[in-house]
Amino acid sequence: MQYKIGFPYVGDRFGGSNMSSLIMATALRDRGHDVTVFTHGPGRAHDEAAARGLKTELLPALSDIGGYERPDRARPEQLAAFPHCWRSIKRHGLDIIHTNDMTMLRTWALPSLASGSKLIAHWRTSSKASASIAGSLLPAKKIISVSGYSKAILPGWLQKKTTVEFNALETFWSAEQRAQAKKAVRERLNLPADAALVGVFGNLTRRKRAHVLADILHALPEPVAGRPVYGLACGGPVEPLDTEFDLKRQAYGLMDRLIAPGFVRPVYEWMAACDVILAPAEREPLARNILEAMALGVPVVASTDGGLVEVLRDGENGFLLAPRETDRWIEIVRRLLNDVVLAERIALAGQRTAETLSVANHARRIEDIYRAAIS
C-alpha cells in the first residue's frame, strides 16, 4: 500500500538528524510513496530536500528570529502556524505526518489531529519530554526512537508506543574511493600527502565537545609513525557554543594544525579522508556522523554517554570511551595512528556493522510502522 506522507522541517535549522530524516524520506519516495517535504521558511533543509529531488513546499517561516537563535521550547508561532499546516495536509490528502524534531512536533501535532492524518513522531533527542512535548506526543500513533538510550528518556506511558530504529545509511565506500578522497582533501587543504588526519563532524556546540580534538593534538608528539598529524573539525557554531574549542586552538598554537572549515560538501569525501573520526559528545542520542564514518570504512572512537553503546563493541568495530577521560582518547588515537593493522581491522568490522543499517532495510521497517499506525 502506498501512502501520502508529509515531512515538515524548520527551514533554517539543519543537522545530522535532519539528514537522517531526508534519507528516510528519499527511500520511501523511491519505494513508491507520495512524499512531500514542507519547510517553514527557506534554508538548508529546503535546499537539501530539493537536491534529492523530493517534492517540496515552502510555508511561511515560524519567526523572523534566526533558527539557531530561537529557544527550542513552546512558542506562540508554533500554534499560529496551525492554518498553514492544516491546509497543507488537506491539499495533499496526507495519510501520515512524520515529524523529526521537537519544534515540528509542537507545530504539527494539532493540525494532524484536527485533519485526521496519522502522526508519527521520530524521537531523536537526549532532552527530557517537557509538558508541551508530552502533550504533543499524546496524539502520535507511533513514536520511533533512534536508540534505546533516547527511548529511556521518555515517560513510561509514551515508551509503550515507542519502537527503536537506528538511523539508515546510504553511502558505503571502497578502499579505492577512500584513497582518492584522502588525496583530494589533502591537496585542497595544502597538507602533506602523508599527513594523518583526525576528524570530528557536527555542530560546534558545547555538548558535542569538539575541543577534545585540540587536547589530543596538543598531547600527541609529532610525527606519529613518521606522519605529521592534523585535526579537522567540520561544522558550524551553534548555541550553546563550545567556547573551549577556539580557546584551546589558540592557546595550544594549533591554528594551522586544527582546521575548522565550517560546513563542508560533499561531506562524505571529507569524512573518508580522515584516518580516525571521533565523537566525544555527552548525552548523544546516536551520533549519525559515527555511523557514516563506519559505512565509509573509517575507524571510529565514540563516547559511552549515548546510544552508540548499542551499536559499537569496544575494541571490535570501534572504541568506546568515557567522554571526559581525555588521556584515554589520546591513547586510543595514538594507537590507531601507530598500528595500521589495528586500524584496518576496526574499520572493516565497522563497515560490516554499518551494512546492517542500509536504507532499504530501514525503509521496509518504517513501512511496517506506518501500516500498524493506519490499521
- Query: Across region 39-50, which residue is most open to solvent (accessible area, probe 1.4 Å) among those that are in a helix (DSSP H, G or I) and out of contact with any helix residue (DSSP H, G or I) (no Cβ under 9 Å at 6 or more places or on another chain)?
  - Reply: Asp47
- Query: Looking at region 8-38, which of its residues are aliphatic (A, V, I, L, M) and not in a helix (DSSP H, G or I)?
  - Reply: Val10, Val35, Val37
- Task: Scan region 257-308 residue by residue and report those that are open to solvent by 20 Å² or more (accessible area, probe 1.4 Å) and out of contact with any strand residue (DSSP E or B) (no Cβ under 9 Å at 6 or more places or on another chain).
- Result: Arg265, Pro266, Tyr268, Glu269
- Message: What pairs come out if I take residues in region 79-101 that are within 17 Å of Ala61 (Cα to Cα) and pair them with residues that are assigned to a strand (DSSP E or B) and open to solvent by 20 Å² or more (accessible area, probe 1.4 Å) whose C-beta lies under 7 Å away, six or more apart or interchain?
- Response: Ser88/Glu57
- Assuming Arg186 fulfils every condition listed in (1) more than 26 Å from Arg44 (Cβ to Cβ); (2) modelled with pLDDT of 95 or more; (3) in contact with a helix residue (DSSP H, G or I) (Cβ under 9 Å, 6 or more places away or on another chain); (4) crowded, with 17+ Cβ neighbours inside 10 Å apart from one, which condition is it? (3)
- Across region 218-237, what is the total count of residues that are open to solvent by 40 Å² or more (accessible area, probe 1.4 Å) and either under 25 Å from the mean Cα position of the chain (by Cα) or at positive phi (or both)? 4
- Within region 138-153, residues within 13 Å of Ser127 (Cα to Cα) and basic (Lys, Arg) come out as Lys151
- Query: Looking at region 215-222, is at least one residue hydrophobic (A, V, I, L, M, F, W, C) and farther than 19 Å from Asn338 by Cβ?
  - Reply: no
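Residue by residue, here is whether (1) free of Cβ contacts under 8 Å to residues at least 40 places away in the same chain; (2) more than 22 Å from Ile346 (Cα to Cα); (3) touching a strand residue (DSSP E or B) at 6+ places or on another chain (Cβ under 7 Å); (4) outside any loop (DSSP other than H, G, I, E, B) holds:
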{"position": "Ile143", "(1), (2), (3), (4)": "yes, yes, yes, yes"}
{"position": "Val198", "(1), (2), (3), (4)": "no, no, yes, yes"}
{"position": "Asp246", "(1), (2), (3), (4)": "yes, yes, no, yes"}
{"position": "Arg249", "(1), (2), (3), (4)": "yes, yes, yes, yes"}
- Item | Hits in region 105-141 (condition: of a type in the set (D, E, K, R), in contact with a helix residue (DSSP H, G or I) (Cβ under 8 Å, 6 or more places away or on another chain) and either under 26 Å from Arg283 (Cα atoms) or in a strand (DSSP E or B) (or both)) | Arg106, Lys118, Arg124
- Only residues that are open to solvent by less than 50 Å² (accessible area, probe 1.4 Å) and among the polar types (S, T, N, Q): list them for region 151-173, please. Thr162, Asn167, Thr171
- If you check Val311 against the conditions, is it open to solvent by less than 10 Å² (accessible area, probe 1.4 Å) and β-branched (Val, Ile, Thr)? no
- Note on the structure: Residue pairs within 9 Å by beta carbon, gap of at least six or interchain, first lying in region 309-325 and closer than 17 Å to Glu355 by Cβ, second open to solvent by less than 10 Å² (accessible area, probe 1.4 Å) and of a type in the set (Ser, Thr, Tyr), listed first then second, are Glu310/Ser147; Val311/Ser147
- Do we find a residue being open to solvent by less than 50 Å² (accessible area, probe 1.4 Å), in a strand (DSSP E or B), under 26 Å from Val238 (Cα atoms) and not small (Gly, Ala, Ser) anywhere in region 61-84? no
- Query: In region 85-111, which residues are more than 26 Å from the chain's Cα centre (by Cα) and either charged (D, E, K, R) or buried (at least 17 other Cβ atoms within 10 Å of the Cβ) (or both)?
  - Reply: Trp86, Arg87, Ser88, Ile89, Lys90, Arg91, His92, Leu94, Asp95, Leu110, Pro111
- Message: Restricting to region 238-256, name every residue that is aliphatic (A, V, I, L, M), open to solvent by 80 Å² or more (accessible area, probe 1.4 Å) and either touching a Lys or Arg at 6+ places or on another chain (Cβ under 7 Å) or modelled with pLDDT under 95 (or both).
- Response: Met255
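The values are calculated or read from the model by the stated rules, or taken from the named source; none is laboratory data. Nothing here was measured: the structure is a model prediction, and the numbers come from that model. Glycine gets a Cβ as well: all are built from the backbone with ideal geometry, and neighbour counts include every protein chain shown. These accessible areas exclude ligands, DNA and RNA; they are computed on the full protein's heavy atoms, side chains included. Shrake-Rupley method; radii C 1.70, N 1.55, O 1.52, S 1.80 Å.
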